[in-house]
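No value in this document is a laboratory result; all are computed from the given coordinates. Quick caveat: nothing in here was measured; it's all calculated off a predicted structure. Positions of Cβ are backbone-derived with ideal geometry, glycine not excepted, and every protein chain shown enters the neighbour counts.
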Amino acid sequence: MSAKEFAEMLRKIVVDMKANGTEEIHCDNLIAYLKEVIDSPSPIISNAEMERFKTDLQILVEQTKATHFANLEMFKSVIEAGHNAIKASFLLNGGSAVALLAFISKLTELHKDKVPEFAGSLKIFVIGVFLVTVVSGVTYLSQWFYAGYNGWKTKVGFWLNVLAIILGLSSYGVFIWGMCNAYNSFLRFI
């Protein structure tokens with residue numbers, strides 16, 4: 001207990017005693033009280049206890065750093081996985097569109113009447129590429145809103161993230177649709 005705390009406690013006791021009608025404090029009573037305070041356990045921390053507290057604090061700091069580092073690395077891996085998914089979807093739909101366009105180009109030389117059969121599949125793959133492009137933009141917006149660390153901005157960022165996931169999965173669905181459509185067109189071509 002500091003001297004200031006002791007003085008405040010002693011002042012309060014004296015004020016309470018005066019409010020209860022005591023006009024004088026006998027020295028013997030005051031001395032007995034002060035002896036009781038002196039004999040009470042000291043709130044002063046020993047050097048060994050202080051070192052233990054410092055060690056515990058350092059362990060807590062290191063654990064917090066490790067947790068923060070692990071969370072940061074996990075976040076980076078999630079971002080990298082998202083980028084890879086966007087690239088894969090772009091490659092699927094874009095590559096299919098380019099391959100089908102090359103096939104249609106060759107088809108115009110030999111069988112012009114069959115071109116409309118494959119044009120629908122090309123349109124589907126282009127829609128898939130468009131969806132992937134929108135996913136990239138929505139992902140950017142999602143991260144921009146998350147960077148605000150504000151209540152409503154975080155909620156908007158979360159829902160934009162959900163939208164990006166839905167659009168990304170949709171681009172895979174569109175690829176499957178375009179692939180099935182192209183397959184059926186090839187079957188009718190034979």
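Across VAL138, VAL14, VAL61, mean-square fluctuation computed from a Gaussian network of the chain (C-alpha pairs under 10 Å connected) peaks at VAL14.
Which of LEU187, LEU169, LEU131 has the fewest other C-beta atoms within 10 Å, and how do the rest follow up to the most? Don't skip to the end; give the middle numbers.
Working: LEU187 8, LEU169 14, LEU131 22.
Least crowded to most crowded, the residues run LEU187, LEU169, LEU131.
Of THR154, VAL132, TYR172, which is farthest on the positive side of the dipole of the stretch 105-182, counting Cα position, with +1 on Lys and Arg Cβ, -1 on Asp and Glu Cβ, and the Cα centre as origin? Result: THR154. When the pairs LYS87/LYS123; LYS87/LYS112; LYS87/LYS155; LYS4/LYS35; LYS54/LYS76 are compared against a 23 Å limit on Cα-Cα distance, LYS87/LYS112; LYS87/LYS155; LYS54/LYS76 fall above it. Here the Gaussian network model covers the chain, with springs between Cα atoms less than 10 Å apart; of GLU80, GLU24, GLU49, GLU24 fluctuates the most.
Against the set (1) 1, 7, 9, 9, 7, 6, 6, 5, 5, 5, 5, 4, 4, 4, 4, 3, 3, 3, 3, 2, 2, 1, 1, 0, 0; (2) 1, 8, 15, 17, 17, 14, 11, 8, 5, 2, 1, 0, 0; (3) 1, 5, 3, 4, 3, 3, 4, 4, 4, 4, 4, 4, 4, 4, 4, 4, 3, 3, 3, 3, 6, 8, 5, 3, 2, 2, 1, 1, 1, 0, 0, the structure's computed P(r) over Cα pairs in 5 Å bins from 0, in percent falls on (1). When we measure straight from the Cα of LYS65, which lysines land under 16 angstrom away, once same-chain ones fewer than 8 places off are left out? Excluding near neighbours in sequence, the set is empty.
Taking the Cα centre of the stretch 79-189 as origin and charging only Cβ (+1 Lys, Arg; -1 Asp, Glu), how large is the dipole, in debye to the nearest 20?
Numbers: 8 positive and 4 negative charges, 24 e Å.
Computed about the Cα centre, the dipole is about 120 debye.
Test of understanding: express the Cα radius of gyration of the stretch 79-189 as a ratio to 2.2 N^0.38 Å, with N the residue count.
Details: Rg = 17.6 Å, N = 111, 2.2 N^0.38 = 13.2 Å.
Normalised Rg, Cα atoms only: 1.34.
A simple charge model with +1 on the Cβ of Lys and Arg, -1 on the Cβ of Asp and Glu and nothing else charged puts the dipole of the chain at about 1580 debye relative to its Cα centre.
Structure remark: mean-square fluctuation, Gaussian network model of the chain, C-alpha springs under 10 Å; the largest value among VAL156, VAL15, VAL135 belongs to VAL15. Sorting LEU10, LEU100 by the number of Cβ atoms found within 10 Å of their own Cβ, with the fewest placed first, yields LEU10, LEU100. Summing charges over all other residues whose Cβ lies under 12 Å from the Cβ of PHE145, with Lys and Arg as +1 and Asp and Glu as -1, gives +2.
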